[in-house]
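J.: First, the structure itself, so that you have it in front of you.
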Amino acid sequence: MIQCPRGTRDFLPDEMERRRFYEGKLRETARTFGFREVETPIFEDSELFILRSGPNVLKELYEFKDKGDRSIALRPEMTAPVIRMFVNNMSNEPKPIKVFYFGQCFRYERPQSGRYREFFQFGAEIIGSATPQTDAEAIATASAMLKSLGLKDYRLRIGHIGVLRQRIADIGVPKERTAEVLQKLDKKLYDEARPILADMGVSDADMEALFELTETVGGTEVLDRVPGEAGDWLRQVVSYLDAMGVRDLEIDLGVVRGLDYYTGMVFEAEAPALGAEKQICGGGSYTLSELFGGEKVFSTGFAVGFDRALLALEKEGSSYDFDGIDAYVLCVSDDVRVKAAEIAASLRTAGVSADIDFMDRKMAKALKFASSARARYAVIVGARELEEGCVTLRNMATGEQTQVEIDALAGAIVRARAH
Ligand code: HAM
């Protein structure tokens with residue numbers, strides 16, 4: 001038997017319905033905040049991701065040569081493609097440009113719970129604006145999205161990568177080795193960072209001060225310990241967020257992010273219930289457009305890890321009510337089959353979702369099938385009732401049966417649905 005490739009999943013109808021429901025919530029929220037949807041190709045020229053994504057993403061890139069010997073990569077994330085799209089097609093539009101996207105990304109990681117090789121991101125970018133309010137708008141959108149899913153237990157941490165980059169430069173780390181140092185700080189691997197920094201001639205005192213900086217964590221009171229203009233910037237971000245009712249957040253200068261393109265504010269949301277793979281959302285401000293042949297344009301964005309957010313909901317015991325169908329049409333005898341098909345068609349035309357038995361099941365079995373299809377009503381078509389222009393309508397929840405004229409059938413089901 002051929003299975004789906006490692007780190008990928010099939011989504012069966014129940015799961016798919018649940019996913020679409022939550023995707024809809026995110027979509028609604030994005031629209032509420034004034035974002036419009038875009039879509040980019042699932043694969044791109046590898047160069048797009050190689051230019052600035054950083055070592056973490058590169059070693060996980062799904063990269064191959066196509067039949068024309070071009071270097072192609074499956075997208076590991078969607079910010080670079082969206083900015084390419086902006087440079088190619090949208091750079092003259094009035095700013096800021098607010099777009100959102102939903103789609104699968106690919107990273108050659110070691111699969112485990114919450115970590116897949118094919119996973120879904122729901123993201124948003126605000127392109128062409130660099131103000132504390134822009135940053136606050138992105139964070140507020142992300143926070144509203146997580147809330148719209150019904151997620152309760154998550155932490156929102158806001159930092160500033162510019163502060164760490166500046167400090168790293170000040171203590172003498174060469175530019176091309178910044179990513180390597182940041183990677184260690186991201187995972188708080190200070191013991192691994194020490195020899196690397198020592199090798200670059202960084203003094204012990206500078207190293208410890210750097211580690212202390214990444215440990216600047218707490219409520220808004222720690223903003224006083226954020227050096228330079230970044231402290232003031234973050235203070236403004238926080239006050240905009242406060243005005244928008246987003247107050248459940250922490251300041252954490254240890255938020256480093258795995259991607260290399262961030263320049264200023266960075267943020268992450270994590271759901272503690274998820275254990276190792278608890279990061280459900282990440283983002284920040286960045287510039288990429290100048291790498292893709294455009295002018296330098298500042299942007300802020302984020303992406304919700306859709307699969308992880310759903311896992312977190314499951315862990316919180318949040319339940320989802322399946323839609324089911326309005327009606328399941330079944331026949332008492334073979335001679336009414338054509339008429340039953342006609343009745344099902346008329347229900348569908350009237351906007352009533354209807355399925356029909358064509359497996360020749362006996363009544364009891366057909367009713368059982370109707371209930372497994374989560375039908376709210378069974379429409380039982382029998383020769384005797386047909387003579388009077390009627391069918392039997394069975395409420396699947398109560399078992400109650402009534403005789404209904406065919407012409408009034410759709411109306412009866414629609415009226416009951418409204419109650
Ligand atoms: P990222 O943090 O690399 O950021 O990914 C965003 C989210 O995708 C993560 O927080 C995580 O929930 C989810 N994710 C990442 N890798 C996997 C995986 N292997 N399996 C399941 N979920 C995963 C970005 O990709 C940026 N483009 C976000 C952004 C948008 N920054 C600015 N604009």
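Computed from the coordinates by the stated procedures, all read-outs in this text should not be read as laboratory data. The structure displayed is predicted, hence computed values, not measured ones. Every residue, glycine among them, receives a Cβ derived from its backbone with ideal geometry; neighbour counts consider all protein chains shown.
J.: For the range 327-418, what is the convex hull volume of the alpha-carbon atoms per residue, in Å³?
T.: Per-residue hull volume (Cα only) is 85 Å³.
J.: Hey, which lysines would be in cross-link range of residue 95, C-alpha to C-alpha under 18 Å, not counting anything within fewer than 8 residues on its own chain?
T.: Output for residue 95: 296.
J.: Starting from 0.36 nm per residue, how many nanometres of slack lie between residue 242 and residue 363 once their C-alpha separation is accounted for?
T.: So the chain would gain 37.5 nm between residue 242 and residue 363.
J.: To test your reading of the geometry: what angle, between 0 and 90 degrees and rounded to tens, separates the Cα axis of helix 406-418 from the longest principal axis of the chain?
T.: 40
J.: List the GluC sites (Glu not before Pro) within the range 219-301 that fall in a DSSP loop (any state other than H, G, I, E or B) and whose Cβ has at most 11 other Cβ atoms within 10 Å.
T.: 295
J.: Now for a different question. So how much slack lies between residue 70 and residue 353, counting 0.36 nm per residue of separation and subtracting their Cα-Cα distance, in nm?
T.: 97.2 nm
J.: State the Cα centre-to-centre distance between the range 32-105 and the range 128-176 in whole Å.
T.: Between the Cα centres of the range 32-105 and the range 128-176 lies a distance of 20 Å.
J.: Measure nothing fancy, just the Cα-based angle from helix 132-148's long axis to the longest principal axis of the chain, in degrees from 0 to 90, nearest 10.
T.: Rounded to the nearest ten degrees, it is 30.
J.: Say a paramagnetic label sat at a point 7 Å from the Cα of residue 387, along Cα to Cβ; which residues of the range 397-419 have their backbone N under 18 Å from it?
T.: It comes to 403-406, nothing else.
J.: Throw me the Rg/Rh for the range 13-315, computed over C-alpha atoms with Kirkwood Rh, two decimals. Mind showing how you got there, number by number?
T.: Details: Rg = 18.9 Å, Rh = 19.8 Å.
Using only Cα positions, Rg/Rh for the range 13-315 is 0.95.
J.: So, one more: Please compute the net charge surrounding residue 198, taking Lys and Arg as +1 and Asp and Glu as -1 over other residues with Cβ under 14 Å from its Cβ.
T.: -4
J.: How much mean residue ellipticity at 222 nm does the chain get from its helices, if each DSSP H run of length 4 or more adds -39500 (n - 2.57) and you divide by all residues, to the nearest 500 deg cm²/dmol? Present the calculation step by step, with values, prior to reporting the outcome.
T.: Numbers: 15 runs with 160 residues, N = 419.
Taking each H run of at least 4 residues, the total per residue is -11500 deg cm²/dmol.
J.: Now for a different question. Once each part is reduced to its C-alpha centroid, what is the distance from the range 260-275 to the range 290-338 in angstrom?
T.: So the separation of the two Cα centres works out to 24 Å.
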